[in-house]
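Working notes, beginning with the structure itself.
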Amino acid sequence: MFDFANPQYWDTMVQLLTPATGETFYMIIASTLLAYVLGVPLGVILVISSPNHILPNPWVERILGTIINVFRSIPFIILLVLIIPFTRAIVGTYIGTTAAIVPLVISSAPFVARMVESSLKEVPYGVIEAALSMGSSPWQIIKKVLLPEAKASLVLGVAITTISIIGYTAMAGAVGGGGLGAVAIQYGYNRFRTDIMLLTVVILVLIVQVIQSLGTMLARRMTHH
């Protein structure tokens with residue numbers, strides 16, 4: 001069972017782990033992209049609607065902030081089960097890698113919104129005031145001042161968000177979501193195969209290290225430029 005010197009053992013592991021790794025990457029990439037499609041506008045609205053910003057609106061800030069906090073407070077494994085009817089309505093099923101993307105996005109988008117909010121609030125307001133004095137519209141300030149000035153922090157936020165989503169995909173695998181998490185549970189834990197669980201952990205650690213390193217490197221380059 002644990003004959004690491006046997007080439008056939010590694011052939012079996014490759015056949016088992018390669019598709020699962022592909023499924024994990026599919027969930028990570030799709031979920032991160034969709035979470036940012038939803039999360040970036042939410043984060044921008046939180047910032048610009050805050051007091052003394054370009055479009056202050058306390059009601060919008062409070063209501064949106066409360067909704068985001070509610071979704072951030074729900075543990076992912078509970079959210080996964082809670083929105084099964086919604087997931088089924090969107091993709092036709094609640095089992096599989098594509099179905100897992102729905103709760104992954106819903107869970108990650110509020111996190112992205114807070115990450116974006118934090119990054120944009122680091123932009124000195126003096127830069128924004130300078131743009132306002134030159135007659136820039138709110139949209140121009142968002143597009144040409146806020147987002148470009150915060151790009152290094154935003155890139156680091158992408159890395160952090162992606163790493164969080166990796167952890168969520170492992171949990172999704174425990175309830176039929178596919179990917180490395182499903183392999184670890186079905187073939188590792190349920191069959192008492194410590195070697196399979198260890199290999200899935202090693203792959204996940206490597207993915208996390210690569211993503212974090214890339215994010216840090218890109219953020220440094222943007223800071224220097």
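The values are calculated or read from the model by the stated rules, or taken from the named source; none is laboratory data. On a predicted model such as this, the values are computed, not experimentally measured, just so you know. Cβ: placed from backbone, ideal geometry, glycine included. Neighbour counts: every protein chain shown. Areas reflect the complete protein model, heavy atoms only, side chains present, ligands, DNA and RNA absent. Shrake-Rupley method; radii C 1.70, N 1.55, O 1.52, S 1.80 Å.
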Picked from region 59-98 (must be open to solvent by less than 40 Å² (accessible area, probe 1.4 Å) and not in a helix (DSSP H, G or I)), the residue farthest from Gly176 (Cα to Cα) is Ile83
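For region 126-156: of the residues being farther than 23 Å from Tyr36 by Cα and in contact (Cβ under 8 Å) with a residue 40 or more places away in the chain, which is nearest to the chain's Cα centre (by Cα)?
Restricting attention to region 126-156, the residues satisfying the condition of being farther than 23 Å from Tyr36 by Cα are 126-137.
Then drop every residue that is not in contact (Cβ under 8 Å) with a residue 40 or more places away in the chain, which leaves 128, 132.
Numbers: Ile128: 29, Leu132: 33 Å.
Result: Ile128.
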Checked pairs for region 182-200, first touching a residue at least 60 places away in the same chain (Cβ under 8 Å), second of a type in the set (A, V, I, L, M, F, W, C) and not in a helix (DSSP H, G or I), C-beta under 6 Å and 6 or more apart or across chains, list as Asp195/Phe2
Restricting attention to region 37-47, and to residues there that are in contact with an Asp or Glu (Cβ under 9 Å, 6 or more places away or on another chain) and touching a residue at least 60 places away in the same chain (Cβ under 8 Å), which single residue is most open to solvent (accessible area, probe 1.4 Å)? Leu42
When region 18-35 is checked residue by residue, the ones that are buried (at least 19 other Cβ atoms within 10 Å of the Cβ), over 20 Å from Leu154 (Cβ atoms) and not β-branched (Val, Ile, Thr) are Ala20, Glu23, Met27
Which residue pairs have Cβ atoms closer than 7 Å, lie 6 or more positions apart in sequence or on different chains, and pair a first residue in region 52-64 that is among the aliphatic types (A, V, I, L, M) with a second residue that is open to solvent by less than 60 Å² (accessible area, probe 1.4 Å) and not in a helix (DSSP H, G or I)? Leu55/Ser49; Val60/Ser49
Could you grab me the full set of residues in region 108-161 that are open to solvent by less than 50 Å² (accessible area, probe 1.4 Å) and not in a helix (DSSP H, G or I)? Val123, Ser136, Ser137, Ala150
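I'm trying to understand the selection: among the residues of region 195-215, which are among the hydroxyl-bearing types (Ser, Thr, Tyr) and in contact with a helix residue (DSSP H, G or I) (Cβ under 7 Å, 6 or more places away or on another chain)?
Scanning region 195-215 gives a single hit, Thr200.
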Breaking point among (1) at pLDDT 90 or above; (2) open to solvent by less than 30 Å² (accessible area, probe 1.4 Å), for Ala184: (1)
Of residues in region 193-225 being closer than 20 Å to Val123 by Cα and hydroxyl-bearing (Ser, Thr, Tyr), the one least open to solvent (accessible area, probe 1.4 Å): Thr216
What pairs come up if the first residue lies in region 24-36 and is under 16 Å from Ile203 (Cα atoms), the second is modelled with pLDDT under 95 and not in a helix (DSSP H, G or I), and their beta carbons are under 9 Å apart, counting only those six or more places apart or on different chains? Thr24/Gly178; Tyr26/Gly178; Met27/Gly177; Met27/Gly178
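Output the residues belonging to region 171-181 that are hydrophobic (A, V, I, L, M, F, W, C), open to solvent by 10 Å² or more (accessible area, probe 1.4 Å) and within 18 Å of Gln15 (Cβ to Cβ). Walk me through how you get there before you give the answer.
Of the residues in region 171-181, the ones hydrophobic (A, V, I, L, M, F, W, C) are 171-172, 174-175, 180.
If we keep only those that are open to solvent by 10 Å² or more (accessible area, probe 1.4 Å) too, we end up with 171, 174-175.
Hits for region 171-181: nothing passes.
Table: residues versus (1) at pLDDT below 90; (2) over 24 Å from Val44 (Cβ atoms); (3) in contact with a strand residue (DSSP E or B) (Cβ under 7 Å, 6 or more places away or on another chain).
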residue	(1), (2), (3)
Val81	yes, yes, no
Ser107	no, no, no
Phe111	no, no, no
Arg114	no, no, no
Ser118	no, no, no
Ala131	yes, no, no
Ser136	yes, no, no
